[in-house]
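Notes follow the structure.
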Amino acid sequence: MTHRKPKQILFLFMLILLQPGSLLAQLQPVGMFDHHEDIGGPKIKGSVMYDKNDQTYTVSGGGVNMWATSDQFHFLWKKIKGDFMITATVRFIGKGTDPHRKIGIIAREKLTADSKYADACVHGDGLTSLQFRNADAGQTEQIVVPSFHPTDIELQRVGNTFTFSAATFGENYKSVAKEITLNDEVYAGIFICSHNGDVMEKAVFSNVRIIIPPGKDYRPYRDYIGSHIEIMDVQTGLRRIVYSAPNSLQAPNWTNDGKYLIYNSDGLLYKFDIATGKPSVLNSGFAKSNNNDHVISFDGKQMAISHHVGEKRISTIFTLPITGSDNPIKITSEDSGHSYLHGWSPDGKKLIFTGQRNNQFDIWTIDIATKKETALTNSPVLDDGPEYTPDGKWIYFNSVRTGTMKLWRMKPDGSNQEQVTFDEYNDWFPHISPDGRWIVYIAFPKDIDPSDHPFYKKVYLKLMPAGGGVPRTIAYLFGGQGTINVPSWSPDSKRIAFVSNTQLR
């Protein structure tokens, strides 16, 4: 008889355990989830493939149903305590067998088949509903969401209130909510159920985000949570997280060669190498108290920044080469009041900014050579976020003059001022694509102060034709201040960079 050495036995044991479908093979971290496994003992075992390049999950699963008093499905989960949001873009692969096949986001107390739960469920036939079980082995109930065949879904928990929001790409969320008492810690993640025990179904989950908001004692502009720098294809909506940090990263903009993003963090500017995924400090000399208003000139050779000067921390504009400088050149005077930079003129001769002058905030330009300032608006309420179109024929900005913050435009001399967005949201920071065809902007909820653009809110990124038209929602995210304050288009006008937020510590 051959006696195997302990190391050989251990090696063979691990090979067996790691075979596809084995318990240990399933209980491995996948992407942002702790584990994946079958719940309820479905006849056909489920699986998942995670693509690190585009950060998508292709999930396969069987299961007779998720209804009545017990469930069968495949589950990717993470243990989460307290409030959270989980968002995803979802789609089935193929026509499917049963029209009631299900995919979505779920929070469960236990990993048993009969556990209490709440989920955001999308059915193969288009039914969209918040499903829940209020007691172990109790009957499942549901509330239908008025969104048919949604592509983008979110399950949010605030205390014991669970909200399911759903939308077809391009539209805004429609939501339903229900009080459901679950443990403070739950198993939360994404799922698939074929609704037929003899059938395997597949689905793709992209843009998956697990969002942990700040706590109840959060103090605005004093406490900060973590940040993801993301890059998104504006036509498909596919997003990738390219860099994350547990502190506040803000306002990425793209260099003209397409290789770098420049962003702000803790008063410094950073140059992020997209290829390597590594940031480095951009030398701004004495200017180490910069806010998130930094803009690259149209020719890509210069940067302008807003640096806080003196004991009163007056936002003051400086310029420097795109490669950095020990001695940025002062453009505005702190004696004039705050100057919040937002753009360059296409010819590189002027800067445009929001200036605190005459006890109000208006849109101003300044001639870089002569330092002469010119007021383009004169409104007792806030005008902000000005930016030139690449052809220099228009300046877009946002103004609260009609009661809600909306996008406006005007001629370069300040004439022909006209409103261009009209819905109930608060619209900020219009950014025109380098080819001049598109405008992307951030829409804040309607229940905030319209003169504020706060951190850590559920916001939309919207896209509209520069020539006018109905805006489309292209991103559903948790962010706000610092998300997209500066021009952030890629040079080819196909992608944008922005910041989303979650606790990462």
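Only the coordinates and a few stated rules stand behind these numbers; no lab work does. As the structure is a computational prediction, the values presented were derived from the model and not from experiment. Glycine also receives a Cβ, built like all others from the backbone with ideal geometry; neighbour counts cover every protein chain displayed.
Using a cutoff of 8 angstrom between alpha carbon atoms and counting only pairs six or more residues apart, the relative contact order for segment 31-211 works out to 32 percent. Spin-label model, residue 504/residue 238: points 7 Å from Cα along the beta carbon direction are separated by 2.3 nm. Summing Cβ point charges (Lys, Arg +1; Asp, Glu -1) relative to the Cα centre of segment 31-211 gives a dipole of roughly 180 debye. The simple Förster model, with R0 at 22 Å and r as the Cβ-Cβ distance, assigns residue 149 and residue 198 a FRET efficiency of 0.30.
By the beta-carbon count within 10 Å of each Cβ, the least crowded to most crowded order of 49, 232, 32, fewest first, is 49, 32, 232.
Shown here is the pair-distance distribution of segment 107-200: with all Cα-Cα distances grouped in 5 Å bins from zero up to the longest one, the shares run 3, 14, 23, 24, 19, 12, 4, 1 percent.
Normalised by 2.2 N^0.38 Å, where N is the number of residues, the C-alpha radius of gyration of segment 328-476 stands at 1.02. Bridgeable aspartates and glutamates around residue 458 (alpha carbons under 12 Å apart, same-chain partners fewer than 8 residues away excluded): 154, 447. Amide H contacts under 5 Å for residue 309: 314, 315, 316, restricted to partners 5 or more places along the chain or on a different chain, H placed in the peptide plane at 1.01 Å from N.
Between residue 347 and residue 367, 0.36 nm times their residue separation minus their Cα-Cα distance comes to what? Don't skip to the end; give the middle numbers.
Values: separation 20, 0.36 × 20 = 7.20 nm, distance 1.13 nm.
Separation in residues times 0.36 nm, less the Cα-Cα distance, equals 6.1 nm.
The Rg/Rh ratio for segment 31-211 is 0.92, where Rg is the radius of gyration of the alpha carbons and Rh is the Kirkwood radius. Compared with the dominant principal axis of the Cα atoms in the chain, helix 6-17 is inclined by about 80°.
Positive-end ranking of 258, 176, 195 along the dipole of segment 166-278, with charges on Cβ about the Cα centre, is headed by 258. Potential lengthening of the chain between residue 257 and residue 81 amounts to 59.1 nm, from the contour at 0.36 nm per residue minus the alpha-carbon distance.
Using just its DSSP H runs of length 4 or more, each adding -39500 (n - 2.57), the chain gives a mean residue ellipticity at 222 nm of -1000 deg cm²/dmol after division by all residues.
Computed over segment 46-136, the alpha-carbon pair-distance distribution with 10 angstrom bins reads 14, 49, 33, 5, 0, each value a whole percent. Taking 30 Å as R0, compute the FRET efficiency from the Cβ-Cβ separation of residue 288 and residue 49 and round it to 0.05. My answer for the efficiency is 0.10.
Rounded to the nearest 20, the size of the Cβ-charge dipole of segment 285-328 about its Cα centre is 100 debye, with Lys and Arg at +1 and Asp and Glu at -1. A simple spin-label model places pseudo-atoms 7 Å from Cα toward Cβ; at residue 134 and residue 470 they are separated by 3.9 nm.
Among (1) 24.5; (2) 23.5; (3) 25.2, which is the computed Kirkwood radius over Cα pairs in Å? Matching entry in (1) 24.5; (2) 23.5; (3) 25.2: (1).
Across the chain, the relative contact order, built from alpha-carbon pairs under 8 Å that are at least six residues apart, equals 11 percent. Net charge dipole, the chain: roughly 1060 debye, given to the nearest 20, about the Cα centre with Cβ charges of +1 for Lys and Arg and -1 for Asp and Glu. Between residue 381 and residue 275, the modelled label-to-label distance comes to 4.9 nm, taking each label 7 Å out from Cα in the direction of the beta carbon.
Considering only 30, 149, 461, and ranking their Cα positions along the charge dipole of the chain that arises from unit charges at the beta-carbon of Lys, Arg, Asp and Glu, the one farthest toward the positive end is 30. The Cα center of segment 151-183 and the Cα center of segment 462-494 differ in position by 23 Å. The equivalent ellipsoid that matches the C-alpha gyration tensor of segment 413-499 spans semi-axes of 20, 17, 12 angstrom, in descending order. If I model segment 226-502 as equal point scatterers sitting on the Cα atoms and use the Debye formula, what is log10 I(q)/I(0) at q = 0.13 Å⁻¹? Values returned for q = 0.13 Å⁻¹ are -0.79. Take every Cα pair under 8 Å whose residues are at least 6 apart in sequence, average their separation, divide by the length of segment 226-502, and the relative contact order is 16 percent. Between residue 171 and residue 185, residue separation times 0.36 nm minus the direct Cα-Cα distance comes to 1.8 nm. Net charge in the neighbourhood of residue 382 (other residues with Cβ under 12 Å of its Cβ; Lys, Arg +1, Asp, Glu -1) is -3.
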